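Written below as structure tokens is the structure these notes are about.
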Amino acid sequence: MVLSQFVESYRFWDVVTLWAQKQLQHEHIVARVLARGVMRGGLRMQSVDPRWTDPGTFELRGPLVPVPHLLFEEFVTKQDFEAWLKQLQMPLPSFWFAPEAG
């Protein structure tokens, strides 16, 4: 069992990094997918900034998403990430979830 499966939340950019490694995709692509999920796809973000927690109040443009320090205090919970992936019918990544028994 991977210890990261016990982690209940990750910073936004940590999810980007870990998921990019598993998907063999560039981090900026994964960051934009996650950002789109937050802004339009129902992925919930935990943040100290109310713009992230109120749907439709914040638009991601240009270089904001690829800059990790600008998203340092934003978190994604395991439960919210799982719900969003299931909504999209995407497989759960092994960096955070145990393999499904099959």
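Structure summary
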| quantity | calculated |
| --- | --- |
| Positive minus negative residues near Gln87 (Lys, Arg vs Asp, Glu; Cβ under 14 Å) | +2 |
| Protection-proxy order for peptides 9-21, 36-48, 86-98, each taking the mean of Cβ atoms within 10 Å per residue, highest first | 9-21, 36-48, 86-98 |
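Taken together, the values in this text are just the output of simple stated rules run on the coordinates, not laboratory data. Values in this document were obtained by computation on a predicted structure and should not be read as measured data. No Cβ is skipped: glycine too gets one built from the backbone with ideal geometry, and neighbour counts run over all protein chains shown.
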